[in-house]
Amino acid sequence: MQQISTKTLNMNVQKDLNFTWSTQAILFCAIIIAFIGLNVDSAPVVIGAMLISPLMAPIVGIGYGLGNSNPKLLSKAARLFLIQVTIGIIGATIYFFISPLNTASAQLLARTEPTLWDVLIAFFGGFAGVISSAKKDGGNVVPGVAIATALMPPLCTVGYGISHLNASFILGAGYLFLINAFFIALATAAGTIFFRIRSGERLNVSLRQQVLIVIISIIIVIPSSISAYTIVHNSFVDTQLSQFINEKLSNQYIAKQNVDGKNIQISVIGQRLSASQVEQLQQSLKQYHLGDYQLSLTQLTKGNYITPKEFQDYMKQSDTNDTIQTNTNSADNASLTNVQNDIVKKYPKQISNIFVGQVQDKANHTISLIAIQLSDNGKGKATEIEKAATKTAANNNVNAVVRMMTPSQQGD
């Protein structure tokens, strides 16, 4: 069985704290790789930056210095850490300032909302790292720790926030980096103390230092705990809302749903609901533990017709236009174009416009919505045109709901 010793831990920590050109060259390469990965939204590239980044060494050194009450080592590690952090932030700021790709990628956004789980990952990742450093052969633990306790990506995201003067990115990513760095160092300090006790060494960590570390830990954890609670709560609300929609609005197409504070906003297309039915829906929210929420139900239909004003508002809110929606694939675009052309050719004087959007049914299946705006000449042929449009859509393999808009509804 492989032995774990404080001597091995001390040797491994000390050798990684040297400010050499090779270490800084590796840091520079890791920074460049992280920039590119975050900018082009490539997870494998970002992971590569995590693996080669030397940022972990000074953080482990700080924790080891705390665990040994070694101010000289602590100062050396802290100095190296500040230098590397400064280089990373300045480099990221310059890169994202001159980069032509200004849109925040998913990889960047993922580093702006730290939670309590990030605290746990950093602590246990750091503890695994210190165990690995105390072994003669760390095996494959260190790469895993580097990936789990991401340091370079949030640091570079701070640079993105600075270059775009975005406080949410600076604070969110900066807080995530603080969590990772602090709890890796804390886990290292705890591991160092554990190994010293195990080896029979006498501890010289004062009670004042212990109390200070605990207080700082609690302060750092509080915001992430609030964030974690928010995520869990939102997930619960989303689950209950989905169940409510599936059971109470099963005959409606859900064009839009959103939770804004204590207000549930749902836009539906289907059979018109009376005021009493809407009130019953509001009361039934209590069955789904949503009794303190207010239901705001927007119905896009009146009788058998879609309300043009509501539909046009929905199209604007959904970033759509009066033709084909951009989130359909090329085959869908071609089919919908054929449907539009065929209907207009058949009823040129009876139709003034056609709107096309995308909605989802209760099973989250996407379906096309074809809204036909009739002219004065076409008002008397609404039923005929609706049947023709439905048949034309079926002939073009388009799964669509056809709704009619008459001239009399234009002021609705």
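Every number in this text was worked out from the coordinates using simple rules, so none of it is lab data. Because the structure is predicted, anything quoted here is derived from the model rather than measured. Cβ: placed from backbone, ideal geometry, glycine included. Neighbour counts: every protein chain shown.
Values for this structure:
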| quantity | calculated |
| --- | --- |
| Karplus (6.51, -1.76, 1.60) ³J(HN,Hα), θ = phi - 60°, over the range 336-345, in Hz, Gly and Pro reported as x | 5, 5, 4, 4, 4, 4, 5, 5, 5, 5 |
| Simple spin-label estimate for His164 and Lys15 in nanometres, 7 Å along Cα-Cβ | 4.2 |
| Chain lengthening between Leu82 and Gln240 when straightened (0.36 nm per residue, less Cα-Cα) | 52.2 nm |
| Extended-chain gain in nm, criterion 0.36 nm per residue less alpha-carbon gap, Ala43 and Ile98 | 17.6 nm |
| Residues with amide H under 5 Å from that of Asn353, placed H, sequence gap 5 or more | Gln373 |
| Rg/Rh for the range 166-289, where both radii come from Cα atoms and Rh is the Kirkwood radius | 1.29 |
| Arg198 versus Asn353: modelled label distance in nm, points set 7 Å from Cα along the beta carbon direction | 7.3 |
| Global geometry of the range 46-110, whether rounded, prolate or oblate, following the gyration tensor of its Cα atoms and the 1.5 cut on a/c | prolate |
| Fully extended contour minus Cα-Cα distance, from Ile215 to Cys29, at 0.36 nm per residue | 63.3 nm |
